[in-house]
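Please treat every number below as a calculation from the coordinates, not as lab data. This is a predicted model, so every value here is computed, not measured. As a convention, Cβ positions derive from the backbone with ideal geometry for all residues, glycine included, and neighbour counts pool all protein chains shown.
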Amino acid sequence: MNKYRKKPVVIEAMKWTGENLIEVIRFTGQHASAKDYKWEDYEDLVTERGLKIFTLEGSYMASIGDWVIKGVQGEFYPCKPDIFEQTYEAVDD
């Protein structure tokens, strides 16, 4: 079996705190399915059902504490905190 190392790639990410919905939406953009809601109704929906992240593979729920990552193709996906910490480290701008 061959072994491979992940290429060093700088990504952008934001932690979902449960209280920073507007910042997450500014980061990811608002999905077309949410545009039918008034903002207050959308906030209530996310509070009730959770934050859905639309990825290249389909939609995934982000739990509070998860990181939302912007991938190399501009896609977004959630990442559990322990995996994020094992995979990524902060870089200077």
* Structure fact -> For segment 39-78, one quarter of the surface area of the C-alpha convex hull, expressed in nm², comes to 3.1 nm²
* Asked: Restricting attention to segment 1-45, which trypsin sites (Lys or Arg not before Pro) occupy a DSSP loop and are surrounded by at most 10 other Cβ atoms within 10 Å?
  -> LYS3, ARG5, LYS6, LYS35, LYS38
* **About the Cα centre, charge dipole magnitude for the chain (Lys/Arg +1, Asp/Glu -1 at Cβ), debye** => 560 debye
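Helix-only estimate, please: 222 nm mean residue ellipticity of the chain, summing -39500 (n - 2.57) across DSSP H runs of length 4 or more and dividing by its residues, to the nearest 500.
On the way: 3 runs with 26 residues, N = 93.
My calculation for the chain gives -8000 deg cm²/dmol from helical runs alone.
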* If one takes the longest principal axis of the Cα atoms in the chain, at what angle in degrees, from 0 to 90 and to the nearest 10, does the Cα axis of helix 39-49 lie? -> 60 degrees
* Which entry in (1) 31, 25, 22; (2) 55, 35, 28; (3) 50, 25, 23 is this structure's computed Cα extents along the principal axes in Å? -> (3)
